[in-house]
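Enquirer: Sharing a structure below in structure tokens format, with a few things to ask.
The values are calculated or read from the model by the stated rules, or taken from the named source; none is laboratory data. The structure displayed is predicted, hence computed values, not measured ones. Glycine also receives a Cβ, built like all others from the backbone with ideal geometry; neighbour counts cover every protein chain displayed. Just the protein is used for accessible areas: all its heavy atoms, side chains included, with ligands, DNA and RNA removed. Shrake-Rupley method; radii C 1.70, N 1.55, O 1.52, S 1.80 Å.
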Protein chains: 2
Amino acid sequence: MKLIQRISTAYIFRFTSHQNNPAKTLIPLSHFTRFLSSSPSRAAAAAMDAKEASATDLKRPREEDDAAAAAASMETENGDQTKEPACFSSVIPGWFSEMSPMWPGEAHSLKVEKVLFQGKSDYQDVIVFQSATYGKVLVLDGVIQLTERDECAYQEMITHLPLCSIPNPKKVLVIGGGDGGVLREVARHASVEQIDMCEIDKMVVDVSKQFFPNVAIGFEDPRVNLVIGDGVAFLKNAAEGSYDAVIVDSSDPIGPAKELFEKPFFQSVARALRPGGVVCTQAESLWLHMDIIEDIVSNCREIFKGSVNYAWTSVPTYPSGVIGFMLCSTEGPDVDFKNPVNPIDDSSSKSNAPLKFYNAEIHSAAFCLPSFAKKVIESKAN
Amino acid sequence: MKLIQRISTAYIFRFTSHQNNPAKTLIPLSHFTRFLSSSPSRAAAAAMDAKEASATDLKRPREEDDAAAAAASMETENGDQTKEPACFSSVIPGWFSEMSPMWPGEAHSLKVEKVLFQGKSDYQDVIVFQSATYGKVLVLDGVIQLTERDECAYQEMITHLPLCSIPNPKKVLVIGGGDGGVLREVARHASVEQIDMCEIDKMVVDVSKQFFPNVAIGFEDPRVNLVIGDGVAFLKNAAEGSYDAVIVDSSDPIGPAKELFEKPFFQSVARALRPGGVVCTQAESLWLHMDIIEDIVSNCREIFKGSVNYAWTSVPTYPSGVIGFMLCSTEGPDVDFKNPVNPIDDSSSKSNAPLKFYNAEIHSAAFCLPSFAKKVIESKAN
């Protein structure tokens with residue numbers, strides 16, 4: 001899950017001559033949805049037979065939450081008017097569509113069977129829905145964070161790429177990751193003695209515990225110490241050289257989370273790591289964000305005096321179908337991220353199901369980049 | 001490009017209790033679009049300012065083609081009624097959305113700047129449009145075949161995975177691939193003396209030459225011998241043991257292309273290959289089609305007495321963001337697909353731009369599979 005102060009939201013784009021600055025040319029999708037909602041929903045309902053209509057019977061479980069203000073109305077099978085989230089129905093009635101200034105001109109849509117939760121925390125809109133073919137889905141501010149069908153790829157890779165690259169990790173810090181999936185993966189490592197997590201949004205933790213028990217199982221590990229708070233502040237106050245590994249499960253670097261991709265934050269991370277300690281941070285898509293990645297690599301190269309590497313993996317429900325990771329180590333014992341030294345002893349965590357995605361081969365393969373990206377990244381990393 | 005007798009088309013799903021057999025519960029999207037087209041398009045036009053409306057000014061370039069029968073009407077900025085392709089406007093007006101029974105419950109959408117071509121060949125509906133952020137896009141029967149932004153990944157991998165795995169390939173057969181992109185890649189290999197291509201649909205070749213000159217450049221190589229015809233029949237008539245490599249750029253294995261994934265076709269391929277010759281065939285998505293892949297691997301293991309391997313790569317505009325390849329060799333000199341022996345001498349093809357995606361590292365990495373797929377595939381392949 002990509003967490004912490006998400007700022008993306010669902011948008012319809014006005015393409016003008018100022019496309020280089022999409023943030024200036026956006027109409028929030030909620031406005032558009034309100035405009036469109038009544039006629040296409042009615043037309044769609046008429047076009048569907050009763051079975052189809054029942055599959056799109058969107059109920060709003062929490063009448064009291066503020067998200068209702070942005071919701072559009074939708075007519076159901078039996079003629080009732082129910083409220084639906086702003087990111088639904090503007091595309092295909094009964095489907096969720098993900099759009100963001102971070103990936104203009106494209107959208108990925110999932111068919112919604114039922115909305116299970118809708119709320120507004122102090123930081124973001126939180127939605128959980130049952131999809132037709134991807135299991136339950138967690139959405140923050142209009143952006144998919146995880147689906148039951150493919151969460152294994154992200155959670156396993158962001159965790160085991162760093163932890164399998166060092167011998168005997170003992171103290172691990174997770175920034176973000178409030179669904180508990182990264183904790184579930186860290187818990188597979190028998191050497192780990194302490195897992196600190198700093199997540200800003202308690203609603204995400206609560207929602208995950210309620211709707212994603214196979215993900216939130218990570219919170220049940222006795223080694224976990226959960227702090228609800230700001231990850232940037234937490235890191236500033238962390239004792240110097242105290243962690244073997246830091247995993248940053250962050251949102252995109254526009255808006256409030258921007259500082260998590262800049263030098264001062266990386267300096268805090270480097271300070272909190274022991275010599276030869278490692279960090280793994282969510283680092284966007286090679287296909288969509290090479291300019292951002294180039295900057296992150298440059299910043300990391302300045303700050304981390306050990307290894308600086310970029311890895312990527314397949315996650316179907318993330319934009320462009322991939323997500324990248326920035327892996328760095330501090331000065332000290334050498335870390336060769338491409339050749340893992342610390343295989344997982346899956347038997348150490350009896351409550352866990354076997355790994356679905358990660359293995360030692362796919363670990364090494366994740367560092368092999370397409371030529372268009374390799375040239376740029378290697379020129380900055382070395 | 002995934003070609004040859006495409007049978008997928010754009011659909012809206014009726015989810016019934018028979019979800020296990022989606023093919024029985026589909027409504028063609030064109031029907032749905034006709035129903036919806038007028039009201040959301042009007043609402044959308046009203047919601048947009050003049051600049052937005054001009055960006056969605058969809059013109060139908062060929063008044064005479066039969067696809068018009070399935071097209072819906074759309075009101076443009078100046079109030080004109082123009083026809084639009086069936087797969088547009090049912091989702092967001094002015095956006096193209098891809099849906100298929102091969103990936104139920106999800107859709108990927110691209111914003112359309114302008115429709116450049118719309119036609120109906122003897123085999124399929126053919127559309128070319130200018131997208132907002134993925135360059136020009138080729139669509140056959142509602143399914144994206146290539147975009148200018150990411151075609152490099154598919155074309156380079158389906159070609160160089162087989163050709164870089166054998167020394168000095170001389171005679172190569174391409175089945176499908178009518179856009180010319182695979183030819184462009186084969187032409188990089190200086191050892192190649194003859195490139196036969198059998199493509200069933202001449203319209204695809206013509207459209208590619210008109211709209212995708214950087215892809216269709218492959219046809220300009222003097223070693224190319226293009227045959228318009230049925231690839232299955234072509235292979236049956238091919239001389240035994242005549243090819244070093246066969247590349248099958250096929251469509252999905254439901255409907256008419258089904259036989260391209262079954263034993264008799266693979267037997268024809270094996271017969272046409274020299275001892276130790278190689279085949280690479282498009283083999284769907286690990287995330288979506290493990291059942292199909294399992295069958296393909298079983299069939300190939302029976303027929304190809306050399307190596308049988310599965311590889312995959314990232315292509316953002318293909319469903320789930322990945323595409324797989326089945327790589328097999330016939331009995332004879334050993335082929336170790338995971339360790340390429342024949343690097344590309346890029347200088348051999350002066351008309352070609354440098355490789356964008358493929359390199360020797362990403363070649364080997366493509367054979368590293370996630371654990372959920374590795375178990376299934378290795379149990380069938382060995």
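Enquirer: Please go through the residue pairs A:305/A:380; A:236/A:356; A:375/B:111; A:171/A:263; A:338/B:375; B:305/B:380 and name each one whose alpha carbons sit more than 25 Å apart in this structure.
Expert: The pairs that break the limit, which is 25 Å between Cα atoms, are A:236/A:356; A:375/B:111.
Enquirer: How would A:356, A:374 rank on accessible area, largest to smallest, probe 1.4 Å?
Expert: A:356, A:374
Enquirer: Another question about this same structure. Which whole-number value in Å² is the accessible area per residue of the stretch B:88-145, probe 1.4 Å?
Expert: Accessible surface, normalised per residue, equals 18 Å².
Enquirer: Now a separate question. Averaged over peptide B:133-145, how many Cβ atoms belonging to another chain are found within 10 Å of each residue's Cβ?
Expert: Mean number of neighbouring Cβ atoms from other chains: 1.
Enquirer: Put A:123, B:243 in order of accessible area, largest first, 1.4 Å probe: what do you get?
Expert: A:123, B:243
Enquirer: What does the C-alpha gyration tensor say about the overall shape of the stretch B:88-145? Classify as rounded when a/c is under 1.5, otherwise prolate if a/b is larger than b/c, or oblate.
Expert: The shape class here is oblate.
Enquirer: If you don't mind, another one. Could you order peptides B:105-111, A:228-234 by the average number of other Cβ atoms within 10 Å of their residues, highest first?
Expert: Going by the mean number of other Cβ atoms within 10 Å, highest first, we get B:105-111, A:228-234.
Enquirer: Another question, then. How big is the A-B contact in terms of buried accessible area, both chains counted, 1.4 Å probe, rounded to the nearest 100 Å²?
Expert: What A and B bury together is about 5300 Å².
Enquirer: Along the Cα→Cβ direction, 7 angstrom out, place labels at residue A:168 and residue A:305. What is the inter-label distance in nm?
Expert: Taking the simple label geometry, residue A:168 and residue A:305 are separated by 2.4 nm.
Enquirer: Right, something else. Only four residue types carry charge here, +1 at the Cβ of Lys and Arg and -1 at the Cβ of Asp and Glu. Report the dipole size of the stretch A:150-379 about the Cα centre in Debye, rounded to the nearest 20.
Expert: Here the size comes out at about 340 debye.
Enquirer: Can you list the equivalent-ellipsoid semi-axes of the stretch B:216-309, largest first and in whole Å, using the square root of 5 times each Cα gyration tensor eigenvalue?
Expert: 23, 17, 13
Enquirer: Which FRET efficiency value, to the nearest 0.05, do you get for residue B:236 and residue A:375 by plugging their Cβ-Cβ distance into 1/(1 + (r/R0)^6) with R0 = 56 Å?
Expert: Efficiency, from the Cβ-Cβ distance: 0.80.
Enquirer: Taking the full set of protein chains and a 1.4 angstrom probe, give the accessible area of residue B:203 in square angstrom, rounded to the nearest 10.
Expert: Only protein atoms counted, so the area is about 40 Å².
Enquirer: So how strong a dipole does the stretch A:88-145 carry about its Cα centre when Lys and Arg Cβ are +1 and Asp and Glu Cβ are -1, to the nearest 20 debye?
Expert: That gives the stretch A:88-145 a dipole magnitude of about 220 debye.
Enquirer: Probe radius 1.4 Å, ligands and nucleic acids ignored: give me the carbon and sulfur share of the accessible area of the stretch B:88-145 as a rounded percent.
Expert: 42
Enquirer: Let me ask something else. Just to confirm the numbers: residue A:298, label point 7 angstrom along the Cα-Cβ line, distances to the other copies in nm, shortest first?
Expert: 5.5
Enquirer: Ranked from the most accessible area to the least, with a 1.4 Å probe and all protein chains present, what is the order of B:336, A:221?
Expert: B:336, A:221
Enquirer: Can you send over the solvent-accessible area of residue A:149, 1.4 Å probe, protein chains only, in Å² to the nearest 10?
Expert: 80
Enquirer: Plugging the Kirkwood radius over Cα pairs into Stokes-Einstein for the stretch B:226-382, at a temperature of 37 °C and a viscosity of 0.692 mPa s, what D comes out in µm²/s?
Expert: Roughly 199 µm²/s, to the nearest whole number.
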